[in-house]
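The values are calculated or read from the model by the stated rules, or taken from the named source; none is laboratory data. From a predicted model like this one, the values you see are computed outputs, not experimental measurements. Please note: Cβ atoms are built from the backbone with ideal geometry, for glycine as well, and neighbour counts cover all protein chains shown.
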Amino acid sequence: MSEKIYSDDPIVPYKTTKINSSYSRMEIDAVLAKWGIRKSTWNWEPEINRIYIEFQYEELIDGVRVSPWIRVEAPVIWDSKTRNKAEAVHWNISLRVMYWFIKSHLEAAYLWQSNKTTAFLPYIATGKEIHQTLAKKMLREIEKLPALEGSVQVDTEKIVDV
């Protein structure tokens with residue numbers, strides 16, 4: 001089981017943000033548009049701790065036109081339970097992290113003269129469920145590699161079938 005990350009953790013970034021999660025969502029849409037990404041769709045279900053965006057773009061890689069769908073989940077950053085309130089997700093921090101993650105990957109692809117597909121490779125959607133990404137699919141295969149046999153332990157029960 002994954003460890004919860006709390007907003008009072010000293011190394012959590014953006015914990016003093018005053019920017020509302022809805023504004024961060026709008027900024028994510030704007031940064032995608034800035035980089036020529038016109039197809040995107042949000043899954044916005046904060047009540048069940050699930051927010052993610054899927055977006056698609058076209059680019060030419062070694063003469064081949066590709067147009068993958070990318071799925072990026074918002075990290076779940078928790079506010080600690082206090083006497084006056086129950087434990088809850090701090091969506092303002094979570095969406096701020098998501099905004100900077102997407103923005104920095106797009107900028108890195110440009111500045112390193114790479115491509116968006118390489119920058120977002122682990123996040124290429126491989127199925128309809130939220131956790132069906134190339135990274136999750138590859139984790140199942142990594143432990144089978146002879147060079148890594150016995151040195152990599154993957155909890156395959158936590159990986160959704162793709």
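Checking the condition aliphatic (A, V, I, L, M) and surrounded by 14 or more Cβ atoms within 10 Å (Cβ to Cβ), which residue from 48, 19 passes? When all the criteria are applied, what remains is 19.
It is to be established whether one or more residues within the stretch 99-109 are surrounded by fewer than 16 Cβ atoms within 10 Å (Cβ to Cβ), assigned by TED's automatic domain parsing to the domain that holds residue 31, in a loop (DSSP other than H, G, I, E, B) and aliphatic (A, V, I, L, M). Among the residues of the stretch 99-109, not one is surrounded by fewer than 16 Cβ atoms within 10 Å (Cβ to Cβ), assigned by TED's automatic domain parsing to the domain that holds residue 31, in a loop (DSSP other than H, G, I, E, B) and aliphatic (A, V, I, L, M), which makes the answer no.
Are there any strands (runs of 3 or more DSSP E) wholly within the stretch 1-77 with 1 or more residues that are farther than 27 Å from residue 88 by Cβ and within 18 Å of the chain's Cα centre (by Cα), and if so which?
On the way: elements: 39-45, 50-56, 59-61, 64-66, 69-73.
Ranges flagged: 39-45, 50-56, 69-73.
Would you call residue 32 within 19 Å of residue 133 (Cβ to Cβ), among the hydrophobic types (A, V, I, L, M, F, W, C) and surrounded by 13 or more Cβ atoms within 10 Å (Cβ to Cβ)? It is true that residue 32 is within 19 Å of residue 133 (Cβ to Cβ), among the hydrophobic types (A, V, I, L, M, F, W, C) and surrounded by 13 or more Cβ atoms within 10 Å (Cβ to Cβ).
Does any residue of the stretch 16-23 turn out to be assigned by TED's automatic domain parsing to the domain that holds residue 66, at pLDDT 95 or above, closer than 22 Å to residue 79 by Cβ and touching a strand residue (DSSP E or B) at 6+ places or on another chain (Cβ under 9 Å)? Looking for residues that are assigned by TED's automatic domain parsing to the domain that holds residue 66, at pLDDT 95 or above, closer than 22 Å to residue 79 by Cβ and touching a strand residue (DSSP E or B) at 6+ places or on another chain (Cβ under 9 Å), one finds at least one in the stretch 16-23, hence yes.
Flag: residue 59 matches the condition of being touching a Ser or Thr at 6+ places or on another chain (Cβ under 7 Å) and at negative phi.
Tallying residues that are at pLDDT 95 or above and either of a type in the set (Val, Ile, Thr) or under 14 Å from residue 52 (Cα atoms) (or both) within the stretch 101-127 yields 2.
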